[in-house]
1. Can you find a residue that is assigned by TED's automatic domain parsing to the domain that holds Gln47 and over 28 Å from the mean Cα position of the chain (by Cα) anywhere in region 152-167?
2. Residues of region 17-72 being outside any helix (DSSP H, G or I) and over 25 Å from the mean Cα position of the chain (by Cα), which ones?
3. Report the residue count in region 73-86 for those that are under 32 Å from the mean Cα position of the chain (by Cα) and within 24 Å of Phe41 (Cβ to Cβ).
4. Could you identify the single residue in Leu161, Leu175, Leu96 that is on the phi < 0 side of the Ramachandran plot, surrounded by 12 or more Cβ atoms within 10 Å (Cβ to Cβ) and of a type in the set (A, V, I, L, M, F, W, C)?
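The values are calculated or read from the model by the stated rules, or taken from the named source; none is laboratory data. Computed from a prediction, not measured in an experiment: that's the story for all the values here. Cβ coordinates were reconstructed from backbone atoms using ideal geometry, including for glycine residues, and neighbour counts include every protein chain displayed.
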Amino acid sequence: MSAQTELKIREVIVPVEVPVRPVSKREIKQLEAMLIIGTLFRPDVIQAALNKEELLTWVDSLAVAAAALAMEKAGYTVSQIAEELGRTEATIRRHLKGETKAGKLVKETYEMLVRGELKLAVPIVSPEAEEELRQLHEQVQKLEEEIKQLRSENTELREKLGKIKEAVKKAAGKLEEAEKAIQRAREALIV
């Protein structure tokens, strides 16, 4: 497995009936929701979001960018949008110009919606992914069994090593005693 999360995705084309130039608050909310959902479910965005450390901050920024664009398309001014969303005008301008990552992604999603190319990439576990997951699970079980067996062998070998060390220690002691006895016998013969 790599450091990045890999996600197998199937694209599902969803017919979208959302006004690209909203005239009511309801239509603004519909466009905003479609921009958020459409952006979040783009394959490139899903993959990036899975590997992003500050996901909540990023999603919040995405929601602000989507709301700002929907309101702009309804004819709201930047100052009205900023007041409505509780953000600075500078932040709203950056989102609308696509200078922020969230603003850029939402703008791309809007253009896809206008062209009728918006596809929602719904994460679905494919049969291949299920099979891969099953195989990985089996490998984990085999490895856990091997670890258990190796630990048991390790314990057994440590016990044997301990006994061998004890036997060597006893033999060394007896050897030392034998050497002393031989030394005493030599000394007795010399005298």
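1. Of the residues in region 152-167, the ones assigned by TED's automatic domain parsing to the domain that holds Gln47 are none.
No, because not a single residue in region 152-167 is assigned by TED's automatic domain parsing to the domain that holds Gln47 and over 28 Å from the mean Cα position of the chain (by Cα).
2. To start, the set of residues in region 17-72 that are outside any helix (DSSP H, G or I) comprises 17-24, 41-42, 51-54.
Listed by number, the residues that qualify are Glu17, Val18, Pro19, Val20, Arg21, Pro22, Val23, Ser24.
3. Taking region 73-86 as the starting set, the residues that turn out to be under 32 Å from the mean Cα position of the chain (by Cα) are 85-86.
From the residues that got through so far, the ones that are within 24 Å of Phe41 (Cβ to Cβ) too are 85.
Summing the residues that are under 32 Å from the mean Cα position of the chain (by Cα) and within 24 Å of Phe41 (Cβ to Cβ) in region 73-86 gives 1.
4. Numbers: Leu161 fails: surrounded by 12 or more Cβ atoms within 10 Å (Cβ to Cβ); Leu175 fails: surrounded by 12 or more Cβ atoms within 10 Å (Cβ to Cβ).
Going through Leu161, Leu175, Leu96 in turn, the sole match is Leu96.
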